[in-house]
Amino acid sequence: MLNYELDIANDDLRTQVIRTEVHTADGNDTSGLTQARAVVGAGRGVGSENGFGEVLELVDHLGGALGVSRVVTGLGWRPHAEQVGQTGSRISPDVYIACGISGAIQHMAGIEGAKTLIAINTDEESTMVQRADYAIIGDLHEVVGAVNEEIRSRRG
Ligand SMILES: Cc1cc2nc3c(=O)[nH]c(=O)nc-3n(C[C@H](O)[C@H](O)[C@H](O)COP(=O)(O)OP(=O)(O)OC[C@H]3O[C@@H](n4cnc5c(N)ncnc54)[C@H](O)[C@@H]3O)c2cc1C
């Protein structure tokens, strides 16, 4: 490999990369999801399109992004741009917190790059729990709600 120092001032540059966006076929920007260091994943286990409250609050606390399963986008609960997996975004955050996601092979294909995997699921036999570095067995609304409460009280 050769290292070559270019003697060019910023003002001499005709183009500059000021930000990177990744677009899905439907034109939505997924860069927030693909570049987030913390992603909170939500699956069918949230229960309904109104079931994302606790999960979105956790996303906010972590300064991260929401990622969802195909069931969630298929049901129209969230937009396709948020889908993670074989037919969604492939992500590699420092931490992926999968809430109510079973761990189908097509979903796991999108999170192979995650450094730490945390599962929150009622089913201890689910693939996601089996594959996780850490798992909490329980109702995601209760578990994530308790985590949010703890973060809020620690931050004052
Ligand atoms: C060609 C093809 C491409 C696909 N591409 C993708 C893709 O890109 N991304 C993707 O995600 N899927 C994809 N799929 C779909 C995939 O096979 C699964 O159907 C989907 O990932 C399942 O989504 P889920 O985990 O949300 O739902 P489910 O499999 O129904 O799992 C729901 C989970 O929630 C848990 N749960 C239920 N209630 C609670 C609660 N209150 N608290 C905590 N846990 C709870 C359950 O124990 C279960 O583990 C694809 C499928 C095909 C055939």
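Taking all protein chains in place and a 1.4 Å probe, what share, in percent, of the accessible surface of the range 20-155 do carbon and sulfur account for?
Carbon with sulfur: 46 percent of the solvent-accessible area.
Loop-only trypsin sites (Lys or Arg not before Pro) in the range 56-156, please: DSSP not H, G, I, E or B, and at most 16 other Cβ atoms within 10 Å.
Passing both the DSSP loop test and the Cβ count: 90, 115.
With all pairs of different alpha carbon atoms counted, what Kirkwood hydrodynamic radius in Å does the chain show?
It is 16.7 Å.
So for the pair residue 149, residue 6, with labels modelled 7 Å out along Cα→Cβ, what separation do we get in nm?
Each label point lies 7 Å from its Cα, and together they span 5.6 nm.
With every protein chain left in place, what is the accessible area per residue of the range 20-155 in square angstrom, probe 1.4 Å?
On a per-residue basis, the range 20-155 sits at 51 Å².
Run through the range 1-110 and list the chymotrypsin sites (Phe, Trp or Tyr not before Pro) located in a DSSP loop whose Cβ has at most 11 other Cβ atoms within 10 Å.
Passing both the DSSP loop test and the Cβ count: 4.
Compute, for the chain, the length of the dipole vector about the Cα centre, with Cβ point charges of +1 (Lys, Arg) and -1 (Asp, Glu) only. Units Debye, rounded to 20.
140 debye
Tell me, which longest segment in the chain has none of the GluC sites (Glu not before Pro) that fall in DSSP loops with at most 16 further Cβ atoms within 10 Å?
50-111
The values are calculated or read from the model by the stated rules, or taken from the named source; none is laboratory data. Because the structure is a prediction, the values reported are computed rather than measured. FYI the Cβ positions are ideal-geometry reconstructions off the backbone, even for glycines, and counts take in every protein chain you see. Remember, those area values only see protein heavy atoms, side chains included, never the ligands or the DNA or RNA. Shrake-Rupley method; radii C 1.70, N 1.55, O 1.52, S 1.80 Å.
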